[in-house]
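Here the structure comes first, spelled out in structure tokens, and everything after it is commentary.
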Amino acid sequence: MTTGSEASTRRDRMIIYGLVTFIIVILTVIALLLFPYVSSNREAEAKADQLIAALDQAGARTPSHDQIVGVLGDDGGAICANPNAPLARATLLTQMVNGAGGPGTRPVVVDDRVVQGEQLIIEIYCPEKLPEFQKFVDGLATSDVAGE
């Protein structure tokens, strides 16, 4: 068995490195141009104001207007992508445990307000998905724990 000798020259390798670098730069620019940035438009601003008012009325802490616009945009962002998907429901259910880790984790009866924020977001940003989500929430064991 024989080993072949290197057939490319330093100049050839530099050309290949240059081409690969150029292609990576071009693809990065294209990706940045095509990335869907959340735009602040009138609809996003109005829905953020509506959500802040609803959260205030519910007695919840409210994030800043800019945070809501940046995260939810005008379509509800990740929350409205599919709030009734099994993973989204599992994520919500992980908030309704006793706080222990590992085998000590147990479901608990939580305050009604745990799901209220997500319900308000769905109601304002994607109301067509609210009935199915409401059915799921109605099946949860919640209570007025805070006693308001």
When you scan segment 74-119, how many residues do you find that are part of a helix (DSSP H, G or I), more than 22 Å from the chain's Cα centre (by Cα) and not small (Gly, Ala, Ser)? 1
Does residue 15 count as part of a helix (DSSP H, G or I), open to solvent by less than 100 Å² (accessible area, probe 1.4 Å), free of Cβ contacts under 8 Å to residues at least 40 places away in the same chain and more than 17 Å from residue 123 (Cβ to Cβ)? yes
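Do the conditions hold for residue 66, that is, is it part of a helix (DSSP H, G or I), open to solvent by 70 Å² or more (accessible area, probe 1.4 Å) and under 21 Å from residue 44 (Cβ atoms)?
Working: part of a helix (DSSP H, G or I): yes; open to solvent by 70 Å² or more (accessible area, probe 1.4 Å): yes; under 21 Å from residue 44 (Cβ atoms): yes.
Judged against the criteria, residue 66 is a match.
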Any residue in segment 123-138 that is modelled with pLDDT of 90 or more, within 17 Å of residue 85 (Cα to Cα), under 17 Å from the mean Cα position of the chain (by Cα) and outside any helix (DSSP H, G or I)? yes
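What are the residues in segment 78-103 that are in contact with a Phe, Trp or Tyr (Cβ under 8 Å, 6 or more places away or on another chain) and closer than 15 Å to residue 126 by Cα, if any?
At the first step, the residues of segment 78-103 found to be in contact with a Phe, Trp or Tyr (Cβ under 8 Å, 6 or more places away or on another chain) are 79-80, 83-84, 89.
79, 80, 83, 84 - these are the residues of segment 78-103 that are in contact with a Phe, Trp or Tyr (Cβ under 8 Å, 6 or more places away or on another chain) and closer than 15 Å to residue 126 by Cα.
The values are calculated or read from the model by the stated rules, or taken from the named source; none is laboratory data. The structure presented is a predicted model; accordingly, all values stated were derived computationally and were not measured. Because the Cβ atoms are built from the backbone with ideal geometry, glycine has one as well, and the counts that use them run over all protein chains shown. In case anyone asks, the SASA skips ligands and DNA or RNA and just uses the protein heavy atoms, side chains included. Shrake-Rupley method; radii C 1.70, N 1.55, O 1.52, S 1.80 Å.
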